[in-house]
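Participant: Dropping a structure here in structure tokens format, bear with me for questions.
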Amino acid sequence: MEDIVVRLEIRKHMQTASLILGGLDGFPVDVSLGPSYLQIQTSEQCERFCIPAEVKLLPSSCRLVQQIAGEGLHMRLKVEAANDTDMPLLLKEILKTQKSYTFYCQSCGELIIRKQQFCRVLPLPSENWSSLVEEWCCHPDPFANRNCLPKVNDCFLGDTFLLLNKVNISDPLVENNEKSSVPRLADANALKSKENTKVICKRCKAMLGEKVSSDAIKYYITEIMIQPSSQGYNMISRMEFLESILVRLLMEHSICRSSFRFCIQESDGKHFFLLWLLNSDTLLVESPRKPGTVNNSFFSDNNVVSSTRALEAKNAIRVLFLPCSENRNKELLI
């Protein structure tokens, strides 16, 4: 029999929830709800799930029960949940001056920069600054054709990258070590072509960034992990890391710019993905998977093994996404 999977999607602002029970196809089922528990009984098994302490179910409000093929049993009900949506920390809130940080390759954990202290941590102008000046200002762009490059012990922050001075990346202690964690340029003639300006990890060959001048290197925030030097490297899955980065960017831009529609671009500027941020107040409560569970694309890939079947809660955002190409959804960019 397929493993029973529980998914509870809570809207904090509305104090409502959608409960989805998977793995029950073809079996008569008895579902019992209490303020702090959920019990599912079939002819073959009975399982009891404990609701996280921050959530309280209101069983008498249960309604709209229906079976949806491929997903499971759906029902809606009211809940009581703390209405606090913690926004992920922004990079400018993580990096502080006069604090020591260590940079790692996120893919393999290779050390990139060891115990670095910055004298200045400054945000760069928006990538759309030039177009805004041209449309709204009566004077020319004062920063046109000028680069904002970091000096020694500076860290400049963009939306999806950070700029560091090359001096801060050099590590004389490992110059003679072939397995050095200091990233290297893909080619000695790095300035001759854009392809050769790539900065790669020596261990896993992942592309970490690019060289933007003889003194400055751009690191992509999707490729590096930054930790206080007092902490060790915290290994998390690639998917979980990218999700946290995307959520942070969507939340920041939706708040600062009151925009809920986003375009994902390739390096050459072509759009290939459209995102709409639908809500950011979702609390997702799911049961961990058991070994050998049949994969269901409707549920997230949560592979934590647990014998107690306690439900786990985490904040989430809901997005609508569409692929975009020359032949698909191009009209939505207008």
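So that you can scan it fast, the table gives a plain yes or no per residue for (1) under 15 Å from R11 (Cβ atoms); (2) out of contact with any Ser or Thr (no Cβ under 8 Å at 6 or more places or on another chain); (3) assigned to a strand (DSSP E or B); (4) at pLDDT below 85:
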position	(1), (2), (3), (4)
E47	no, yes, yes, no
C62	no, yes, yes, no
Q66	no, yes, yes, no
K78	yes, no, yes, no
K92	no, yes, no, yes
K96	no, yes, no, yes
T102	no, no, yes, no
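Participant: Report, by residue number, each residue of the range 248-285 that is closer than 25 Å to R328 by Cα, free of Cβ contacts under 8 Å to residues at least 12 places away in the same chain and either of a type in the set (K, R) or in contact with a Phe, Trp or Tyr (Cβ under 8 Å, 6 or more places away or on another chain) (or both).
Facilitator: Hits for the range 248-285 are I264, Q265, E266, K270.
Participant: Any residue in the range 157-170 that is outside the structural domain of I224 (by TED's automatic domain parsing) sitting within a Cβ distance under 8 Å of a residue that is surrounded by 14 or more Cβ atoms within 10 Å (Cβ to Cβ) and assigned to a helix (DSSP H, G or I)? List the pairs, counting only those 6 or more apart or interchain.
Facilitator: Filtered contacts from the range 157-170: no entries.
Participant: I've got another one for you. Do we have P52 as assigned by TED's automatic domain parsing to the domain that holds A313 and in a loop (DSSP other than H, G, I, E, B) here?
Facilitator: Values: assigned by TED's automatic domain parsing to the domain that holds A313: yes; in a loop (DSSP other than H, G, I, E, B): yes.
The answer is yes for P52.
Participant: Still on this model: Mind listing just one residue for me: the one in the range 2-45 that is on the phi > 0 side of the Ramachandran plot and at pLDDT below 90 and, of those, surrounded by the fewest Cβ atoms within 10 Å (Cβ to Cβ)?
Facilitator: Of the range 2-45, the ones on the phi > 0 side of the Ramachandran plot are 15, 23, 26.
Going one step further and asking which of them are at pLDDT below 90, we end up with 23, 26.
Details: G23: 21, G26: 8.
Among them, the one singled out is G26.
Participant: Quick one: count up the residues across the range 247-277 that are surrounded by 15 or more Cβ atoms within 10 Å (Cβ to Cβ) and part of a helix (DSSP H, G or I). Let's see the steps before the verdict.
Facilitator: First pass over the range 247-277, keeping only residues surrounded by 15 or more Cβ atoms within 10 Å (Cβ to Cβ): 247-254, 260, 262, 271, 273-275, 277.
From what is left, the residues that are part of a helix (DSSP H, G or I) are 247-254.
Qualifying residue count for the region: 8.
Participant: Moving on. Among (1) surrounded by 15 or more Cβ atoms within 10 Å (Cβ to Cβ); (2) among the aliphatic types (A, V, I, L, M); (3) within 28 Å of the chain's Cα centre (by Cα), which single condition is A82 missing?
Facilitator: Condition (1) is where A82 drops out.
Participant: Then there's this: Tally the residues that are among the aromatic types (F, W, Y) and either under 21 Å from L283 (Cβ atoms) or touching a helix residue (DSSP H, G or I) at 6+ places or on another chain (Cβ under 7 Å) (or both), restricting the search to the range 10-40. Full working, then the answer.
Facilitator: Filtering the range 10-40 down to residues among the aromatic types (F, W, Y) leaves 27, 37.
Of the ones still in play, those that are also either under 21 Å from L283 (Cβ atoms) or touching a helix residue (DSSP H, G or I) at 6+ places or on another chain (Cβ under 7 Å) (or both) are 37.
Residues that pass the stated criteria total 1.
Participant: Another one. Please go through the range 223-246 and pick out each residue that is surrounded by 11 or more Cβ atoms within 10 Å (Cβ to Cβ), among the hydroxyl-bearing types (S, T, Y) and either assigned by TED's automatic domain parsing to the domain that holds I169 or more than 21 Å from I200 (Cβ to Cβ) (or both).
Facilitator: Result: S229, S244.
Participant: For L111, work out the one condition from (1) modelled with pLDDT under 75; (2) among the aliphatic types (A, V, I, L, M); (3) surrounded by 11 or more Cβ atoms within 10 Å (Cβ to Cβ) it doesn't fulfil.
Facilitator: Against the list (1) modelled with pLDDT under 75; (2) among the aliphatic types (A, V, I, L, M); (3) surrounded by 11 or more Cβ atoms within 10 Å (Cβ to Cβ), L111 comes up short only on (1).
Participant: Do we have E210 as assigned by TED's automatic domain parsing to the domain that holds V152, crowded, with 18+ Cβ neighbours inside 10 Å and out of contact with any helix residue (DSSP H, G or I) (no Cβ under 6 Å at 6 or more places or on another chain) here? Write out each step before concluding.
Facilitator: Working: assigned by TED's automatic domain parsing to the domain that holds V152: yes; crowded, with 18+ Cβ neighbours inside 10 Å: yes; out of contact with any helix residue (DSSP H, G or I) (no Cβ under 6 Å at 6 or more places or on another chain): no.
It is false that E210 is assigned by TED's automatic domain parsing to the domain that holds V152, crowded, with 18+ Cβ neighbours inside 10 Å and out of contact with any helix residue (DSSP H, G or I) (no Cβ under 6 Å at 6 or more places or on another chain).
Participant: Name the residues in the range 209-239 that are touching a residue at least 60 places away in the same chain (Cβ under 8 Å), in contact with a Ser or Thr (Cβ under 8 Å, 6 or more places away or on another chain) and part of a strand (DSSP E or B), would you?
Facilitator: Y220, I226, Q227, P228
Participant: Based on what the data block shows, is T102 in contact (Cβ under 8 Å) with a residue 60 or more places away in the chain, assigned by TED's automatic domain parsing to the domain that holds K202 and out of contact with any Asp or Glu (no Cβ under 9 Å at 6 or more places or on another chain)?
Facilitator: On the way: in contact (Cβ under 8 Å) with a residue 60 or more places away in the chain: yes; assigned by TED's automatic domain parsing to the domain that holds K202: yes; out of contact with any Asp or Glu (no Cβ under 9 Å at 6 or more places or on another chain): yes.
So T102 fits the description; yes.
The values are calculated or read from the model by the stated rules, or taken from the named source; none is laboratory data. Keep in mind the model is a prediction, meaning the values are calculated, not measured. Quick reminder, even Gly has a Cβ in these numbers, built from the backbone with ideal geometry, and neighbours come from all protein chains shown.
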